[in-house]
Every structure is written in C-alpha cells, then in structure tokens.
1. Got at least one residue in region 158-175 being farther than 14 Å from VAL102 by Cβ, of a type outside the set (Val, Ile, Thr) and touching a Lys or Arg at 6+ places or on another chain (Cβ under 8 Å)?
2. Do we find a residue being assigned to a loop (DSSP other than H, G, I, E, B), within 18 Å of the chain's Cα centre (by Cα) and in the same structural domain as GLU153 (by TED's automatic domain parsing) anywhere in region 87-106?
3. Within region 120-233, which helices (runs of 4 or more DSSP H) (wholly inside it) include 2 or more residues that are hydrophobic (A, V, I, L, M, F, W, C) and farther than 21 Å from GLY85 by Cβ?
4. Evaluate region 114-133: report whether one residue or more is hydrophobic (A, V, I, L, M, F, W, C), touching a strand residue (DSSP E or B) at 6+ places or on another chain (Cβ under 6 Å) and surrounded by fewer than 21 Cβ atoms within 10 Å (Cβ to Cβ).
Amino acid sequence: MASTSSWVVSCGRCGVHPAGPSGRVRRSPCRASVRRRAEEPESLRWSRRAALGLGLVVVGQDVAVRPGTHAMPLAPLGSVGATLGGPKREGLSAEEVADILVDDLSRGQGYFVSGDLTAEIFDDRCRFVDPTNDVVGLKRYVNALAILFDTMESSVRDVELLEVADKKIVVGFTLGGVLKFPWRPKVERFHGTVTYTLGDSGLVVEQRQQWRDKSASKALRESFMPDFTLMNG
C-alpha cells in the first residue's frame, strides 16, 4: 500500500520546493532552472529535445528503423502549405527539370546541404523522403536543411544524372560532412540515389533518397557520436 506521508525535495539554488494542498511537493522546475532555460539560445533547446527524442538509439548497437517511421523534427518547420519562391515553372519537360536539379545539386555545397534549390520547379506540398526522415512541404524541408548540416564542413559531390523518363528523374550523388548539433557529429561520406517524381504540371511532387552504403540505423548512430577533433578545434 502506498505511503500517504508528505515529502519534500531540496534544491541547491532555490531551497525546498513548496508543498501543494495535499502536502506533497509540487513537482515544478525551480525558479533558477526556469530562468536558465529561458536564457538559452533556441537552437540549444531544440538540440536537447532532439537528443531526448532519439535517446533510444544506443551507440554501437544496431537499431531497427521501421519503414514509414517519421523522425522527430529538430525545430518547428512551419505549415505544410506554405509557399516558397516565385511563380511555379509549370510545363517544363523532364529533361529541363533534370538539368535544373543537377545544377542545384552541383552548385556550391549542393542543396541537400545548403537548401539553395530552385523552388519554382517544386510543388509547395512536395514530399521529401530519405531512410531517416519524411517531410511534407517544400518550405518545411528547406527549414529542416537550415538546421542540419554545417555548410563549411559538408558537401554533395559526384552528382550524376542516371535516368530521365516522362515523370521520373534519377540522380546519383555522394554526401558527407558535419551536423550542426553541439557535439559536432561527423557524417561519413556515402553513396546514394535520389528519385524525383513529377506531377501532371511538371513540378516535382516527391523527392526520395536511397542510400547504398549507409543504413538508417548507422546514420542515427552517427548523429550521437561526437567528433572530438572538431570539438577541440
């Protein structure tokens, strides 16, 4: 039978938390803790939430990632239907869209890292899928990229157009770099392909990545392994 006696908890900064009407301590954060969190940068708070959300991933163990599993967003990404860019370039041929996509992936660090893509060839409700993420909404996807890779340490390379069909484009690439988390995890370079599906308007309605030499579980483990050489400068 559970005890009905009251109990208290002492806090090194605020003293004893006051008890509620039942005699038990109210289990709310102390004033100092609340104040410290309010002063933290938003990016740090979201990095902590991401770490807690993925806390079941154990470094060194294989983790089964079920198909269709949605990763926890690292920050608020906005609404699905939000618009991005100028007027949509509808009616382009698959070959014309492919040329733009290959250029976007080859320019600078590549848009998988920089988010610098030609928004006008994507449907605003485009779906973006890879082995660890499933994001709907063009602007939400670009917002996600903005908080993911360190653009000074990451890049898309070896971009190659593999297939162009009526409503399908396939491009090969390699990707590697460093994530923006405080512990600076390194993403070992891997090979992948990305398949773009075009809608009736000629806009991209789905982008789906497949990774040849990296499993979803390995990618998640890498996210929790700090690169101490980078952290120590």
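The values are calculated or read from the model by the stated rules, or taken from the named source; none is laboratory data. Remember, predicted model here, so these are calculated numbers, not experimental data. Note that each Cβ is placed from the backbone with ideal geometry, even for glycine, and that neighbours are counted across all protein chains shown.
1. yes
2. First, pick out the residues of region 87-106 that are assigned to a loop (DSSP other than H, G, I, E, B): 87-93.
Now narrow it down to the ones that are within 18 Å of the chain's Cα centre (by Cα): none.
No: region 87-106 contains no residue that is assigned to a loop (DSSP other than H, G, I, E, B), within 18 Å of the chain's Cα centre (by Cα) and in the same structural domain as GLU153 (by TED's automatic domain parsing).
3. 216-222, 228-231
4. Scanning region 114-133 turns up at least one residue that is hydrophobic (A, V, I, L, M, F, W, C), touching a strand residue (DSSP E or B) at 6+ places or on another chain (Cβ under 6 Å) and surrounded by fewer than 21 Cβ atoms within 10 Å (Cβ to Cβ).
Residues are listed down the side, and each one gets a yes or a no for (1) at pLDDT 90 or above; (2) under 19 Å from the mean Cα position of the chain (by Cα):
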residue: VAL129; (1), (2): yes, yes
residue: ARG157; (1), (2): yes, no
residue: LEU161; (1), (2): yes, no
residue: VAL178; (1), (2): yes, yes
residue: GLY202; (1), (2): yes, no
residue: ARG208; (1), (2): yes, yes
residue: ALA216; (1), (2): no, yes
